[in-house]
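In what follows, a single structure is set out as structure tokens and then discussed.
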């Protein structure tokens, strides 16, 4: 059963700087420290780019790797943002529910911290309900993107404000 959408916002990104600004704005919300955010969109839409900008805005230093092959990369926000755990998932190549159990992802989702999930539809039967669903749609004629943000929980509503 799909959760009800409690609020929606549409955002236009004319360029990558606008994506970074949206990520920085989201990073300023204390509720982010224990949120689950789904990132939807076709290949090349900018899901990983948004995740990188969000992690940078949370004070994550160093290179942010795409978890396409590892399925998950762990990070921590800096002290100024609360020093909370961050798990960045990419389920594009996910195809085995047993891998979910073997990797301990159930435990990761049970623990506090931010969870960012690219390609959540590949593991939807295993995932808990998310707080925010971000859908990125590229403009075929330019570098612009349309971002649809849907709040699916009280925490998601707080993050949408």
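The values are calculated or read from the model by the stated rules, or taken from the named source; none is laboratory data. Treat the numbers as computed from the prediction; the structure is a model and nothing was measured. Quick reminder, even Gly has a Cβ in these numbers, built from the backbone with ideal geometry, and neighbours come from all protein chains shown.
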Considering every residue within the range 92-113, establish whether at least one is touching a strand residue (DSSP E or B) at 6+ places or on another chain (Cβ under 6 Å), crowded, with 18+ Cβ neighbours inside 10 Å and outside any loop (DSSP other than H, G, I, E, B).
no
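Would you point out which residue out of 21, 85, 27 is at pLDDT 95 or above, under 19 Å from residue 132 (Cα atoms) and touching a strand residue (DSSP E or B) at 6+ places or on another chain (Cβ under 7 Å)?
Exactly one of 21, 85, 27 is at pLDDT 95 or above, under 19 Å from residue 132 (Cα atoms) and touching a strand residue (DSSP E or B) at 6+ places or on another chain (Cβ under 7 Å), namely 85.
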